[in-house]
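Structure first, then comments.
The values are calculated or read from the model by the stated rules, or taken from the named source; none is laboratory data. Computed from a predicted structure; not experimentally measured. Cβ placement follows ideal geometry from the backbone for every residue including glycine, while neighbour counts extend to all protein chains displayed. In case anyone asks, the SASA skips ligands and DNA or RNA and just uses the protein heavy atoms, side chains included. Shrake-Rupley method; radii C 1.70, N 1.55, O 1.52, S 1.80 Å.
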Amino acid sequence: MTATATAADTIFSKTSKGLLEINERAHGLPARMRRALILVDGSRDQAAISAMMPGEEMSRMLGELQSMGFIYNPVQTASRAEKVRVAATTPAPALVAIPVPTPVAITAAPAAMAETLPATATIVELTPAAPALDSALLNQVKVLMIESAQQFLGLMARPLIAEIEAVKDSASLKTAIARWNISLRQSHKAAQHADQYVLAVKTLVGI
């Protein structure tokens, strides 16, 4: 497929195919294109993504991801949907009213209702459990952290990558993010991009 050029202010979102690639590497995208795919979040435009991946031909790369069905432009999609809506001239079929039977009220005396409960029955108030860390988002965050560490830190990134790979919950993730953030800021090559990478990770995981 031929890649199409994109404007610097174009904003893309991931398709279901794109999410599958991030979570399962189902289509085997090269590391650079997968990193760009991770950074596509529905709010960051091409210029912002380019700043986080210096030296890359981001217009061409995003055009390829779009043509392969990994990302889409919501504005273009909405425009096509509107054209289809306007072009549709066939009236909707008439609705047929279906009579709904009147519900029959069922009442029970308090004493009769009490007989249905065991004498030892107690009322337990349940509180909702705290939501677990979403595994798909966790995987996206770990991939972004690992690949940025490999890009900017080289061989020095091995201990950090091992720590990131071992992350299983929110507590260990926050610890890994802190170490990863410090490592990026200590790298002359990565320091100027550290804030953007950390913001991308925190946006994904919601912390």
Within region 20-44, count every residue that is surrounded by 16 or more Cβ atoms within 10 Å (Cβ to Cβ) and under 17 Å from the mean Cα position of the chain (by Cα). 12
All but one of (1) open to solvent by 20 Å² or more (accessible area, probe 1.4 Å); (2) aliphatic (A, V, I, L, M); (3) outside any loop (DSSP other than H, G, I, E, B); (4) over 22 Å from Lys202 (Cβ atoms) hold for Leu65, so report the exception by its number. (1)
State all residues of region 161-193 that are in contact (Cβ under 8 Å) with a residue 24 or more places away in the chain and of a type in the set (A, V, I, L, M); if no residue qualifies, say none. Val167, Leu173, Ala176, Ile177, Leu184, Ala190
The correct count of residues that are out of contact with any Leu (no Cβ under 6 Å at 6 or more places or on another chain), under 24 Å from Gly55 (Cα atoms), polar (S, T, N, Q) and open to solvent by less than 90 Å² (accessible area, probe 1.4 Å) in region 168-186 is 1
What is the number of the single condition among (1) in contact with a Phe, Trp or Tyr (Cβ under 7 Å, 6 or more places away or on another chain); (2) open to solvent by less than 10 Å² (accessible area, probe 1.4 Å); (3) not charged (D, E, K, R) that Ala200 does not meet? (1)
